[in-house]
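Q: Please read through the structure below; I'll follow up with questions.
The values are calculated or read from the model by the stated rules, or taken from the named source; none is laboratory data. Since this is a predicted model, take the numbers as computed values, not measurements. FYI the Cβ positions are ideal-geometry reconstructions off the backbone, even for glycines, and counts take in every protein chain you see. When the accessible area is computed, the model is the full protein with side chains, heavy atoms only, and any ligands, DNA or RNA have been set aside. Shrake-Rupley method; radii C 1.70, N 1.55, O 1.52, S 1.80 Å.
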Amino acid sequence: MRIDILTIFPEFFEEVFDFGIIRRAREAGIVEINVTDIREFAADKHRKTDDRPFGGGEGMVMKCEPIFLAVESLLGTADRDGYPQGTRVVLLTPQGRKLGQPIVEELADEEGRVLIICGRYEGVDERVSEALVTDEISIGDYVLSGGEPAAVVLVDAMTRLLPEALGNESSAERESFSDGIFDFPNYTQPREFRGMEVPEVLLGGNHAEIEAWRREKALEKTKRVRKDLIQGAGD
Ligand code: 6GU
């Protein structure tokens, strides 16, 4: 799939996608990640990308024109009804739907294309939402200074769902939230560290017993930490 990030801070993304699964997926051509500097599309000589809000008030608002021009240059149109098939334009904003695995699954499409517009906290001219954006997304109920950290979160979550992105195919299935509860606790060498022992059951090689123990531990912790996830989760 192809992902475009539109930002006024392109340098923010310089190395962040050069590690681990995302790096491997890029090298394998599973995902192409492009960063576009919105400032390059600012028409005036000062390359202004924000301005004071009509009606007054605190803070600055991101101007619509540079964003329209950037989207137009990438998609050939600034009308969301005219986008090529399989194209989504996401605005990252605290005023969006809250990101969860179902939205990630909806957006992660090997054949698809996602443009991610990183809003600044103070706001984005509403005409961007009216004409360009197909999905307004927030990554949670807390305040970020801008959408850039959220873009990293979204790109990571999408990329690891793409076919062939994970070396070990089954791990995407097994991990937390694909079945609605936490992952089970893991241990590796050494068997004893500073007096802390690895649970006996994991050393025994009884796979049915290990499976049952893992399920129990995963459920137990999910109930304790995230009761809201339990309703309807598995057996
Ligand atoms: Cl996507 N943007 C900002 N500015 N703050 C957020 C957010 C996004 N998601 C949670 N908080």
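Q: Take the alpha-carbon centre of the range 62-132, take the same for the range 7-55, and report the distance between them in whole Å.
A: With the range 62-132 and the range 7-55 each reduced to a Cα centre, they are spaced 13 Å.
Q: In whole Hz and in residue order, list the ³J(HN,Hα) couplings for the range 92-104 that follow from phi through the Karplus curve 6.51 cos²θ - 1.76 cosθ + 1.60, θ = phi - 60°; x for Gly and Pro.
A: 8, 7, x, 8, x, 4, 6, 5, x, 4, x, 5, 4
Q: As I understand it, the value is the acute angle between the Cα axis of helix 148-159 and the longest principal axis of the Cα atoms of the chain; what does it come to in degrees, rounded to 10?
A: That works out to roughly 50 degrees.
Q: Hey, another quick one. What percentage of the solvent-accessible surface of the chain, computed with a 1.4 Å probe over protein heavy atoms, is contributed by carbon and sulfur atoms?
A: Looking at the chain in its full context, I get 47 percent from C and S.
Q: Further question on the same structure: If a paramagnetic tag sat 7 Å from the Cα of ASP109 along the Cα-Cβ line, which residues of the range 79-98 would have the backbone N under 16 Å from that point?
A: Output list for this probe position: 80-91.
Q: Follow-up. Provide the per residue accessible area, probe 1.4 Å, for the range 176-229, rounded to a whole number of square angstrom.
A: 77
Q: Sticking with this one: For the charge dipole of the range 53-116, defined by +1 on Lys and Arg C-beta atoms and -1 on Asp and Glu C-beta atoms about the Cα centroid, which residue among ALA108, GLY55, VAL90 has the Cα displaced farthest towards the positive pole?
A: Selected residue: GLY55.
Q: Sticking with this structure for a sec: Between GLU65 and GLU192, what length comes free when the chain is fully extended (0.36 nm per residue of separation minus the Cα-Cα distance, one decimal in nm)?
A: Result: 39.6 nm gained on full extension.
Q: Would you mind checking which residues have amide H under 5 Å from GLY96's amide H? H placed 1.01 Å from N; only 5 or more apart, or other chain.
A: Close amide H contacts, sequence-distant or interchain: SER138.
Q: Another question, then. Can you give the accessible area of MET1, probe radius 1.4 Å, in Å² rounded to 10?
A: Only protein atoms counted, so the area is about 20 Å².
Q: Please check the chain for the longest run free of chymotrypsin sites (Phe, Trp or Tyr not before Pro) that are loop-located per DSSP (anything but H, G, I, E, B) and have at most 15 other Cβ atoms within 10 Å.
A: Longest run free of exposed loop sites: 55-120.
Q: Separate question: Using the Karplus curve 6.51 cos²θ - 1.76 cosθ + 1.60 with θ = phi - 60°, what ³J(HN,Hα) values do you get for each residue of the range 72-84, in whole Hz, with x for Gly and Pro?
A: Coupling constants for the range 72-84: 4, 5, 8, 10, x, 7, 10, 10, 5, 7, x, 5, x Hz.
Q: May I pose another question? Gain in length, ARG127 to LEU203, computed as 0.36 nm per residue apart minus the alpha-carbon separation, to one decimal in nm?
A: Gain on stretching ARG127 to LEU203: 21.4 nm.
Q: Let me ask something else about it. Scan the chain and hand back the longest stretch that contains none of the trypsin sites (Lys or Arg not before Pro) lying in DSSP loops with at most 14 other Cβ atoms within 10 Å.
A: Longest run free of exposed loop sites: 49-190.
Q: Could I ask something else about it? So if I place +1 on the C-beta of Lys and Arg and -1 on the C-beta of Asp and Glu, and nothing else carries charge, what would the dipole magnitude of the chain be about its Cα centre? I want it in debye, nearest 20.
A: The dipole magnitude comes to about 520 debye.
Q: While we're on this one: I'd like the antiparallel share, as a percent to the nearest 5, of DSSP beta bridges with both residues in the chain.
A: In the chain, DSSP labels about 20 percent of beta bridges as antiparallel.
Q: Provide Rg and Dmax in Å for the chain, with only Cα atoms included in the calculation.
A: 21.7, 71
Q: Oh, and also: Could you list which residues have their amide H under 5 Å from that of VAL89, counting only those 5 or more apart in sequence or on another chain, with H placed in the peptide plane?
A: Answer set, sorted by chain and number: LEU115, THR134, ASP135.
Q: A follow-up question, please. With θ taken as phi - 60° and the coefficients 6.51, -1.76 and 1.60, list the Karplus ³J(HN,Hα) couplings across the range 15-28 in order, rounded to whole Hz; mark glycine and proline as x.
A: Here the 3J(HN,Hα) series is 10, 5, 9, 9, 10, x, 4, 5, 4, 5, 5, 5, 4, 7 Hz.
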